[in-house]
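Every read-out reported here was derived from the displayed coordinates using simple, explicitly stated rules and does not represent laboratory data. Predicted model only: the values in this text are computed from it and were never measured. When we count neighbours, we look across all protein chains shown, and the Cβ atoms used for this are built from the backbone with ideal geometry, even at glycine.
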């Protein structure tokens, strides 16, 4: 492949050192511009292959650096490819050009872009092209929106008989809307704009001075303005024009544009003239309009005309206005008077104004009116008359209020929604310095409300939510704020005492209120709820923080059980915080493809041949690292995401089997766990059938694992689905046998192919005679029923020997392999066989420490908490761990929790040795999986030399104590079995 040199060939001999330095400076400058260009830049050689790209090209379109190689055309949608290749050839002919096209994003989305191609000249020809790409998605969207707005504006202007215009100060050009052209009597041509001077020349000579004065004043004061002038059309017709304009400023405060509306008031002025001689005729004309029209003599201080429409609007005799006994101010609502008076003062400064206000009617009702008042000046520019146009805008205002209400309230319950909640909290926070008023956030979540929707239907669920909202309304009546923020989630902003004991009483009272039975039709429903509480400003000074902490407290309450409340404390348990972040991030994990599939082989107990595997999902969490299913599947089942995750596993497994088949890898049947929720869906069989057909996979290579609980709710549906799947060729396995409710006698009813025995039977099979007898009997019964038996959890050589002696079919356990990613499992399939491994709990085999260490005769109890995550301090409670050894630079611990190995996770471990309770601050530097899903961790201390010297002295005393008696008095020694202790900590 020919490499492109940016600066041509360097001469072997250079004229001077100065020329060399200039060359280097130019080259560094070029590379700096290329790498730091704000837009994506790609270098393509003459063969159409990508040679180089800058950082922005990687981040803009979702690809990794190594993805942006090869033929550039693979990043172009098919429908755009021909045009782009043509443009590329033009660039190779030395023609710089810019054009618009589309580019394929990593997620297959088509992105609108503007492309600039710049040829790179070699000695004699073009050797490549620089391509600068600009994302114009927002511009395209804006163009579409502007087109829509323009169409709407034209229609509105036509309906309202208004035109619009725009004057560009820099170019001194004026452009008009279509209706403005009509008003001015100008035939619209290809030229849509005119210069200011051309337009100015068409203004009546007697009005040009005033026009120029008003314009100059607006420029000087940077203010909006209104004026009336006469315009001479091309056919010499005089049109009376009323113009209102607003000024547009740039970032420097300089005027750039005038924009405004134009109204033809010729008819109004004609009528006004006729008014002097034909009052009655004018009155009849005005009375026929939907608009209320009036005129007021400023000097005489009296109304000279009030149309009949005004009387109809106000539903009263308007003669009181005409004789001066009443003023419109007497009807205007007190709240609207200040704005009305301010505008009136502006009117007397010879400006047209527009008022909107409410008036009280004799019936007790009110109306919204829009009052447009225009000053009439005499030849001396003195205000002599005011013309008013009155419009009833009550319906319009009511519609706006309705829209505003719908935007801020929950459609079902009528309670404020999250948007209004945020505004309320922001208001309380902003006014805290003045009011000194604390408040509490009570986050309410109904327990098992999803069950009501699933069993009784959403209409019943909706009525229950309305009843709950009505109950919570009592808090609104007491002055507190109540909102619905989710399906079955409500929030109360409690503006009262925030003392802990009183808050406990409030939360208990709330739970009691919601626990009262709900009667809906023939149903009597008993609901419970959990409540999480946070307090301003102690638990946060921003609304987002307060809501987050209330949510964390709610999660803790749900973890403790139903019908419970929890007040937020920064010392929340590490495990609870982990589960909270897992639930919070689960939706994003699916979207960002953070899940991956591991495979654990199933091995023939006699021949050690791989005859199958189980697909097990793992989550590469951005904070907690690789998470096993036990960490997040229970949460997925609670939140209802288990169905999406199950479908994800099915898709990934089918894709992988298809890939293996195409690559000639000896494929074995892969088993997939199916949740009871998913299996009970009526369309599940069709989903499996269509997925298998879509990926062209042999149904015999798929095995679905269901649990005994799947049979409890709808056994008829389950049995039919099992039957259909088996007829399709898919195997069905009963997972975790012995942990549910089925007995051996029911195996004949279940119509399954495979029986998976839970690891609890295997754990002590060498010493527990009862478990051994049960297993042996199960092997015999299953063989007679022609059911394969897979034994899970085989980890020791003794357990393996027992299984072989009792003629077990298949083994799945650590004795052969842990669950592994796709690549190592593919290697296993190629080898076809696995040999047993020594699976005794191994300590880390690599010595990582420079200092001496103490291996404790008996492990110590410890408490671990997380102090800092990603550079941010956190305050979390402690979780129990086991401490195995200690040295001046670090320690080895065991925990049931999964922690990531990352430098920005700082932990603190506390334990008591020889009566001294010490906190050891450090970071996790290595991790190894131990037995029973426990984990070994190496913690490296973050200590300076002085602290390490002090710790060394302390550990020397510990060493001397152990040398004398091998006992550590006043130390947190674990007296029971270490694994039993960990199991107990895990359940706390």
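Taking Cα atoms of the chain, Rg/Rh with Kirkwood Rh, to two decimals?
1.08
Would you report the distance distribution of C-alpha pairs in region 216-276 as whole percents per 5 angstrom bin, up to the bin with the largest distance?
Reading the bins upward from 0: 4, 16, 20, 17, 15, 12, 9, 5, 2, 1, 0.
So what's region 399-491 giving for Rg/Rh, alpha carbon basis, Kirkwood Rh from the mean inverse pair distance? Could you put the intermediate results ahead of the total?
Values: Rg = 15.1 Å, Rh = 14.6 Å.
Rounded to two decimals, Rg over Rh is 1.03.
List the equivalent ellipsoid semi-axes of region 67-114 in whole Å, largest first, each obtained as the square root of 5λ for an eigenvalue λ of the Cα gyration tensor.
20, 12, 9
Rg(Cα) of region 537-640 divided by 2.2 N^0.38 Å? Intermediate values should be presented prior to the final figure.
Numbers: Rg = 18.6 Å, N = 104, 2.2 N^0.38 = 12.8 Å.
In units of the globular-protein estimate, region 537-640 measures up at 1.45.
Between helix 574-591 and the chain, what is the angle of the helix's C-alpha long axis to the longest principal axis, kept within 0 to 90° and rounded to the nearest 10?
60
In nm, to one decimal, how far is the modelled label at residue 476 from the one at residue 126, with both set 7 Å along Cα→Cβ?
Once both label points are built, they end up 6.8 nm from each other.
Which whole-number value in Å³ per residue fits the convex hull of the alpha carbons of region 637-811?
Given the Cα convex hull of region 637-811, per-residue volume reads 131 Å³.
Work out how much length residue 252 to residue 901 would gain on full extension: take 0.36 nm times their residue separation and subtract the Cα-Cα distance, in nm to one decimal.
On the way: separation 649, 0.36 × 649 = 233.64 nm, distance 5.13 nm.
Extra length available between residue 252 and residue 901 comes to 228.5 nm.
Mind giving me the nanometre distance, one decimal, between the label points for residue 972 and residue 512, set 7 Å out from Cα along Cα→Cβ?
4.0
Over all distinct alpha-carbon pairs, what is the Kirkwood Rh of region 268-399 in angstrom?
By the Kirkwood definition, the hydrodynamic radius is 15.4 Å.
What FRET efficiency do you get for residue 855 and residue 64 if R0 is 60 Å and r is their Cβ-Cβ distance, rounded to the nearest 0.05?
Working: r = 44 Å, r/R0 = 0.74.
With R0 = 60 Å, the Cβ-Cβ based efficiency is 0.85.
Once R0 is set to 60 Å, what does the formula 1/(1 + (r/R0)^6) return for the Cβ-Cβ distance between residue 98 and residue 933, expressed as a FRET efficiency to the nearest 0.05?
Once the sixth-power term is evaluated, E becomes 0.55.
Using a 10 Å cut-off around each Cβ, can you sort 193, 363 from fewest to most neighbouring Cβ atoms?
Taking fewest neighbouring Cβ atoms as first place, the list is 363, 193.
Find how much the distance from residue 365 to residue 776 grows on full extension, using 0.36 nm per residue of separation minus their present alpha carbon separation; answer in nm with one decimal. Don't skip to the answer; put the middle values down first.
Details: separation 411, 0.36 × 411 = 147.96 nm, distance 8.80 nm.
Fully extending the segment from residue 365 to residue 776 adds 139.2 nm.
Tell me, what is a quarter of the convex hull surface for the C-alpha atoms of region 347-387, in nm² with one decimal?
3.3
Suppose each label sits 7 Å from its Cα in the direction of the beta carbon; what would the residue 323-residue 751 distance come out to in nanometres?
About 9.7 nm, to one decimal.
Once each part is reduced to its C-alpha centroid, what is the distance from region 639-706 to region 523-562 in angstrom?
When both Cα centres are located, 38 Å separates them.
Computed FRET efficiency, Cβ-Cβ of residue 833 and residue 454, R0 30 Å: what is it to the nearest 0.05?
Details: r = 47 Å, r/R0 = 1.56.
It comes to 0.05.
Taking 0.36 nm per intervening residue step and subtracting the Cα-Cα distance, what contour gain separates residue 423 from residue 919 on full extension?
Here the segment from residue 423 to residue 919 would lengthen by 174.2 nm.
Tell me the Kirkwood hydrodynamic radius of region 17-135 in angstroms, computed as one over the mean inverse distance between distinct C-alpha pairs. Don't skip to the answer; put the middle values down first.
Numbers: mean 1/r = 0.0666 Å⁻¹.
Mean inverse Cα-Cα distance, inverted, gives 15.0 Å.
What is the pair-distance distribution P(r) of region 854-987, computed from all Cα-Cα distances in 10 Å bins starting at 0, with each bin given as a whole percent?
Taking every Cα pair in region 854-987, the percentages come to 12, 44, 35, 9, 0.
Which order results if 345, 484, 726 are arranged by neighbouring Cβ count within 10 Å, fewest first?
If I rank by nearby Cβ atoms, fewest first, I get 345, 726, 484.
Can you give me the angle between helix 822-831 and the longest principal axis of the chain, using Cα atoms only, in degrees from 0 to 90, rounded to the nearest 10?
Around 30 degrees separate the two axes.
So how do 80, 235 line up by other beta-carbon neighbours within 10 Å, fewest first?
Fewest to most other Cβ atoms nearby, the residues stand as 235, 80.
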